[in-house]
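The values are calculated or read from the model by the stated rules, or taken from the named source; none is laboratory data. In this text the structure is predicted, and so the values were computed from the model without any measurement. Note that we place each Cβ from the backbone using ideal geometry, even for glycine, and neighbour counts take in every protein chain shown. Accessible surface areas use protein heavy atoms only, side chains included; no ligands, DNA or RNA. Shrake-Rupley method; radii C 1.70, N 1.55, O 1.52, S 1.80 Å.
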Amino acid sequence: MTTTLQPVAAVHQQPEKAAATSNVDPVTGRVVTGDRPTGPLHLGHYLGTLANRVRLQEAGVPVIVIIADYQVITDRDETGPLRSRVRNLVAEYLAAGIDPDRSTIFPHSLVPALNQLMLPFLSLVTEAELHRNPTVKAEALAARRSLSGLLLTYPVHQAADILSLRGTVVPVGRDQLPHIELTRLIARRFNARYGAVFEEPVALLSAAPSVLGIDGARMSKTRGNTIPLGAGSDETAAMIRSARTDALRHITFDPIGRPQVANLLTIIGALTGTEPALVAEQIGAGGSAALKSLATEVINEALRGLRGRRLELLADPGYLDGVLLDGTARATATAVETLHSVQRAMGMDYLGEDVPASPPRVPGDASRRH
Ligand code: ATP
Ligand code: MG
């Protein structure tokens with residue numbers, strides 16, 4: 001089903017430097033990207049990034065998916081029901097086509113060597129640069145609370161995620177572009193200060209880089225305006241029926257003037273491999289009712305297989321946990337190697353590399369402390 005999607009386009013904010021997934025070299029390319037375990041995945045994830053991850057995996061590129069569990073507490077006090085949310089994410093990745101034998105899935109809290117990069121990286125950016133990040137500003141506003149240190153600095157943590165795992169290509173939605181720019185800046189500054197250690201990764205946008213939710217704002221878990229990948233067919237139909245459109249009878253593709261109509265056309269286009277303007281022509285005078293009914297049909301059809309596999313996978317939580325443990329072991333090996341390169345470059349390897357990246361557990365240590 002993912003093979004019927006449109007080719008992806010665009011890197012960074014410079015569409016003229018457009019790059020397709022087919023431009024990614026399977027030998028030197030390495031995909032690193034991830035999601036917050038704040039709820040189930042939705043159509044925005046699928047069209048914005050997940051389909052591209054699967055496509056790149058199928059092209060032979062190593063794919064690493066990070067479950068950004070520490071980032072849950074950037075804009076809330078509680079971590080939430082992490083165990084079930086993380087298992088659900090893993091089930092949805094696998095159901096979408098991520099193959100745990102070829103790709104790596106792991107939560108970043110379990111890889112101390114990755115998290116250590118946060119300290120040198122924080123030294124490479126200024127407070128003013130962090131405050132200028134438009135996505136952080138929007139998220140702070142949406143969270144309706146004072147800006148926490150973690151919310152301000154999580155893009156640096158994201159740089160640690162990507163650079164620790166040696167990412168070169170980062171398939172993301174448009175909201176992530178400022179973060180990828182910061183990652184590139186950190187890589188550049190580190191290399192300039194300490195010598196070449198990092199490659200500057202590029203962002204990879206899809207044909208649907210900012211899918212809108214049923215209320216007309218960007219679809220996001222936090223906003224509660226999503227069409228979850230795991231929703232039932234009837235549920236999906238009801239959500240699409242309630243999606244905001246407009247009263248103009250003739251359907252046209254006009255992302256600026258008619259964003260909600262353009263959104264449904266983009267979703268249909270991305271899932272069927274058709275130009276959204278052509279979909280609009282086909283609907284013509286059918287109006288919003290015809291547009292919504294086509295959108296419902298296309299979404300339900302495209303996600304049918306994924307939904308079935310998701311339910312089967314959720315029935316085996318032991319397997320899902322095993323996928324995470326395997327992924328964590330693989331990610332740890334790369335992250336420890338990167339940390340050693342960083343410490344060597346910074347002259348912090350003065351006791352030699354036999355010093356472990358995380359302290360060994362000493363049996364009975366905890367009891368001695370009490
Ligand atoms: P939250 O509201 O908890 O932040 P979210 O829905 O924004 O959740 P994230 O986990 O923050 O999802 O995003 C994971 C990835 O999915 C990022 O690359 C992000 O750009 C992409 N993504 C999320 N929502 C959309 C969307 N509506 N359209 C396109 N891409 C999206
Ligand atoms: Mg988000």
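Computed with the Debye formula from one identical point scatterer per Cα of the chain, without solvent, the log10 of I(q)/I(0) at q = 0.11 Å⁻¹ comes to -0.78. Label positions at Arg132 and Glu78, each projected 7 Å from the Cα along the C-beta direction, are separated by 3.8 nm.
Using 17 Å as the cut-off for backbone N distance, which residues of the stretch 62-80 belong to the label zone defined by a point 7 Å from the Cα of Asp101 along Cα→Cβ? Counting only backbone N, you get 62-63.
The value for the stretch 125-272 of Rg(Cα) / (2.2 N^0.38 Å) is 1.27. Does anyone have the angle between helix 259-272 and the longest principal axis of the chain? Alpha-carbon axes, 0 to 90°, nearest 10? The answer is roughly 80 degrees. By DSSP, the beta bridges lying fully in the chain are antiparallel in about 15 percent of cases. The helix-only estimate of mean residue ellipticity at 222 nm for the chain, built from DSSP H runs of length n ≥ 4 each weighted as -39500 (n - 2.57), is -15000 deg cm²/dmol after division by the residue total. Distance between the pseudo-spin-label points of Asn23 and Met346 (7 Å out from Cα toward the beta carbon): 3.3 nm. Residues of the stretch 135-160 with amide nitrogen under 15 Å from the 7 Å Cα-to-Cβ point of Leu122? Only 148-160 pass the distance filter. Using a probe of 1.4 angstrom and keeping all protein chains present, the accessible surface of the chain works out to 46 square angstrom per residue. Please find, in a Gaussian network model of the chain (springs between Cα atoms separated by less than 10 Å), the residue of Gly322, Gly60, Gly213 whose mean-square fluctuation is greatest. Comparing Gly322, Gly60, Gly213 in a Gaussian network model of the chain, the most mobile one is Gly322. Enter the Cα centre distance for the pair the stretch 272-305 and the stretch 255-271, rounded to the nearest angstrom. Each part reduced to its Cα centre gives a spacing of 10 Å. Note on Arg189 and Ala315: the model spin-label points, each 7 Å out from Cα along the C-beta direction, lie 5.2 nm apart.
Among Gly97, Gly195, Gly39, the residue with the largest mean-square fluctuation in a Gaussian network model of the chain, with springs joining Cα atoms closer than 10 Å, is Gly195. Considering the zone a paramagnetic label at Arg249 would reach in this model (a point 7 Å from Cα along the Cα-to-Cβ line), which residues of the stretch 271-287 have amide N under 15 Å from it? Counting backbone N atoms under 15 Å from the label point, the list is 284-287. Protein heavy-atom surface of the chain, 1.4 angstrom probe: 55% of the accessible area is carbon and sulfur, with nucleic acids and ligands not counted. Annotation for the stretch 77-108 versus the stretch 198-219: alpha-carbon center distance of 20 Å.
Evaluate the relative contact order of the chain (contact order divided by residue number), counting alpha-carbon pairs under 8 angstrom at least 6 apart; express in whole percent. Working shown, then result.
On the way: 606 pairs, mean separation 84.2, N = 370.
After rounding, I find 23 percent.
Computed with a 1.4 Å probe on the full set of protein chains, the accessible area for His131 sits at about 80 Å².
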